[in-house]
Every structure is written in C-alpha cells, then in structure tokens.
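Take a look at the structure below.
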Amino acid sequence: MIRRMATESRDAAHPIPRFPAGFLWGVSTSAHQIEGAVDEREPSVWDAFTAEPGRVKDGSTAAVACDHYHRYGEDVALLAGLGVDAYRFSVSWPRVRFGDGSGLDFYDRLVDELCAAGVRPVPTLFHWDLPAGLDWLDRDTAARFADHVARVADRLGDRVGKWITLNEPAEHTLLGHALGVHAPGRKLLFDALPVAHHQLLAHGLAVRALRAAGATDIGIANSHGPVWPASREPADLEAAAFYDLLLNRLFAEPLLLGRYPEGLGELMPGDVESDLKVIAEPVDWYGVNYYAPTKVGAPQGTEIEFGGVVMPAELPFSVRQIEGRPVTDFGWPVVPEGLTEVLTTFHERYGDRLPPVVITENGCSYEGLDDQDRIAYLDGHLRALHRAVEAGVDVRGYFVWSLLDNFEWAEGYARRFGLVHVDFEDPAALTRTPKASYAWFRDMLRSQR
Ligand code: BGC
C-alpha cells in the first residue's frame, strides 16, 4: 500500500542550479537491505552474521526487510512518480545462485517493469551479500564473481546498458574484515588487505566479463571523502595521510593508475603486477559514494567509538569528531562542501586518468515524514556538486541513497535513509509513505528538465 504524500514540498526560493544536459538523476538501493524473501535465495554471509546475538544493534534481520522481492511493482511505481531517469539496485549473488533459477527471473521481471516505467535499470553486481561459503580472502572468489557477472549479463544485457561492478570495496574490507562490525565479522586489521586486492581483481574480471557480453557503460561505486587532519602537527598530518591512503587511494589508484600507492602492493597476495593489469581495465565512468569527510589525528592509545564503529587502540590513526556542524541521526556531520572537495581533489590528483564521475550514493539518516533536515542535506549537497561541475569536474549523474527506509546493516532498522518511509512496525503491510523529501526531489527533478 502506498499512502498519500506526507507534505507538499516547500517553496524553493533559490532553485538548485541547472546541471549539464543529459545528466542522469536516480536513486539507489541494495538487495540485502530491501528484498527480504530470504527463503527464495541461498544464504549469504549477512544471514550468519545477523543470527549472532549482539551483531545488529536492534537484533533485527533482513529476512523480510521491505519485502521488495514481492512488492517491487509498488516500488517501481514510486520511482516513476519521483520522475528519476535511473534506478540503481543490486543483484543478489545468493539469489542468482538459488537452485530453481527463480532469482534471475526476479531481476528479469524487475528490469522489464523498470523499462516499462521509463526508468533505466542500473544494477550493482555485488553489494556486500556474499554467498555463504565464499570468502574474499580466497583469490578464487574473484573468478567465481566473474562467472556470476557473466550469467547476469547474459540474462539482462539486452535491456541493461549501465552496470556497476562492486559497491564500496573499502567499507566491505574495513568494516567487514578489518574491524568486524559488518559481515563476515572478522577483526583482521591490516591482515584484511588481501580482501581489498581480491575485490579489486573481481572488479577487473567483471569488467572483462561485461565487455565480453557487449557492455559499453561500466563503472564501480567507490566510497570516498576528504580526510581532514586534526591539526597541522606532523603526527596528525601523517595519520590523516595514512587514512586517506586506506580510504581513497588504495581503491582508486589500482583502477585509475594501474598501481598501488606507496608500497601497499608488496602487502598484497599473488602476482600483483599481472593482477593490476586486470584491475586497471578501463571503466567508462567512476562512481563516488559520498556521505561526509573524516577528521583524523594521531593515535590516542585508546579504543574510540565513532559513528557506531569501535576503532581499536592499535590503529595508527584516530578518528575525531568534526565540531560545529549539524549531524544526522547517525551522528555523521553534514558537510556539503566535502563533496566539492573530494571531487576537485580527485580531478587534480588524477587528471585525464579520472573518467567522468557519477555520484552513486549520497544521503542521510533522519526520522520522520516531514524530513526538512534531509531536504536541507540534499539541497546543500546538490549545490556543492554543482560547484564541482563549475570547477571543471566532469560529473554525469547523481543518485540519492536511498529510495526506501531499509535494513541499515549493523544498525538494523534504526537508521532511516529513505525518501519513502516504510512502516516496519506493521510487517504485514510494510506501508510505503513518501516523505517531504520525495516531493522535494521530484520537484527539483522537474525544474531540471
Ligand atoms: C552503503 C549502503 C549504506 C549507506 C549508509 C553506504 O556505505 O553502500 O549500503 O546503507 O552507506 O550507511
């Protein structure tokens, strides 16, 4: 059931500046966070993780989530009502592997429905829900991923033009394998580096598999943000540079420059030089997920909890609070100019090696249907994005995270990122109610046409 709009959008006194012609406007989701229908797919590492007490803060699971698997028609209607050009969703690898083939049938139906509604499907081929039994510490997982990609491309490639290989290999490495706060819950710290390498290799193999299937519009969704040193003291500058290496350069440079930054290659497994040739397969565009900058200083010798993540004392940096900014319900600072900064920094760092950029995620968690804070966040970030365009960055698209309130990983249902509210209190109905931000984004899109 879709309820009436929460409130009409507020009067935009200062409209968002016009983006270049052909700019792609969309919203994003991911399979594990919305689909539910757990019995109609193979298990993933997230099922095992959420089953362990204490892993998910509210004790919830994604077994039903938004039940998008059964309610996708309603959700496509919401996309059509919003007027987006494109919808970024992820294809669940555990569902595609499901014995009776019904998993691929589901994506087939979804893609048909999107095309019929005039919304371009933009699938992400991996968004953290690794099939149970597979492991990114194993090199073979990269080859298995390429098989998965080939299978999906073979089935959907006649209607899907734009593809995303992986979502945020940085977060999946850091949160899932180094710090253990996401599935599969490993705390390997720097021994998690092979997970980064194998995902990057998987990306390169996926690009090759997609090209072999005739795809011409391929990107990745990497998470990036400015890293601000806590002070100008050498120890803080050094710690911030190291964090920048881990968050930004480790995942951008193998792809864009064909090399690992500053000796990291020596820490990676296998024949790294020949793997880098695969990893650096050219992409057609580069996806950036941006939420906030990170302020980083020298280690403080104690464990620190930040944004819901416990950082062990032995890390060679410490994350600090950015003061004087509004924060989202997640406690993340709202810093729109960080989006301009990260894009202009990448433009300066990588020059012609940086392909056109698409913002594949940007958004915030706030409660409530009259979500003026989300409107202010999106408004500020779109203006900041436009400043990056004016500064010469070739930006071709922007996707809001997220269409729907959903299963926010280790936070469960406590964080609401949606333009559309989902009533998780009533699991039989899971009523969708567009928030004020839905109307605002819809009107903003109309003003861009
Ligand atoms: C992820 C999403 C997540 C969002 C908000 C991104 O890191 O790709 O799956 O829900 O951030 O935390």
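So the values come out like this:
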| item | result |
| --- | --- |
| Candidates R151, R144, R71, R155 - the one that is over 20 Å from the mean Cα position of the chain (by Cα) and either free of Cβ contacts under 8 Å to residues at least 24 places away in the same chain or not in a helix (DSSP H, G or I) (or both) | R144 |
| Residues of the range 391-404 that turn out to be more than 19 Å from S437 (Cβ to Cβ), part of a strand (DSSP E or B) and among the aliphatic types (A, V, I, L, M), as a count | 1 |
| Pairs with Cβ under 6 Å, 6+ apart, first in the range 319-334 and in contact (Cβ under 8 Å) with a residue 40 or more places away in the chain, second more than 16 Å from the ligand (Cβ to nearest atom) and charged (D, E, K, R) | R320/K295; I322/K295; P333/R325; V334/R325 |
| Test: residue in the range 405-417 that is within 30 Å of D47 (Cα to Cα), polar (S, T, N, Q) and either more than 15 Å from the ligand (Cβ to nearest atom) or buried (at least 24 other Cβ atoms within 10 Å of the Cβ) (or both) | yes |
| Test result for V400, hydrophobic (A, V, I, L, M, F, W, C), away from the ligand (no atom under 16 Å from the Cβ) and in contact with a Leu (Cβ under 9 Å, 6 or more places away or on another chain) | no |
| Residue check for R151: away from the ligand (no atom under 16 Å from the Cβ), over 22 Å from D75 (Cα atoms) and charged (D, E, K, R) | yes |
| Matching option when the condition is closer than 23 Å to A240 by Cα and acidic (D, E), among E337, E367 | E337 |
| Any hit, the range 273-284, residues being among the hydroxyl-bearing types (S, T, Y), free of Cβ contacts under 8 Å to residues at least 12 places away in the same chain, out of contact with any Asp or Glu (no Cβ under 7 Å at 6 or more places or on another chain) and surrounded by fewer than 21 Cβ atoms within 10 Å (Cβ to Cβ) | yes |
| Per-region count, the range 417-438, residues out of contact with any Lys or Arg (no Cβ under 9 Å at 6 or more places or on another chain) and more than 11 Å from C66 (Cβ to Cβ) | 5 |
| The range 216-233, residues that are acidic (D, E) and crowded, with 23+ Cβ neighbours inside 10 Å | none |
| Count - residues of the range 297-319 that are within 16 Å of the ligand (Cβ to nearest atom) and either assigned to a loop (DSSP other than H, G, I, E, B) or in contact with a Pro (Cβ under 7 Å, 6 or more places away or on another chain) (or both) | 2 |
| Within the range 356-390, considering residues that are within 14 Å of the ligand (Cβ to nearest atom), of a type in the set (S, T, N, Q) and not in a strand (DSSP E or B), the one surrounded by the most Cβ atoms within 10 Å (Cβ to Cβ) | S365 |
| Some residue of the range 72-95 being out of contact with any Phe, Trp or Tyr (no Cβ under 7 Å at 6 or more places or on another chain) and farther than 21 Å from L403 by Cβ | yes |
| Unique match (being at pLDDT 95 or above and part of a strand (DSSP E or B)) among P94, P123 | P123 |
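The values are calculated or read from the model by the stated rules, or taken from the named source; none is laboratory data. This is a predicted model, so every value here is computed, not measured. With ideal geometry, Cβ positions are generated from the backbone for all residues, glycine too; neighbour counts draw on all protein chains shown.
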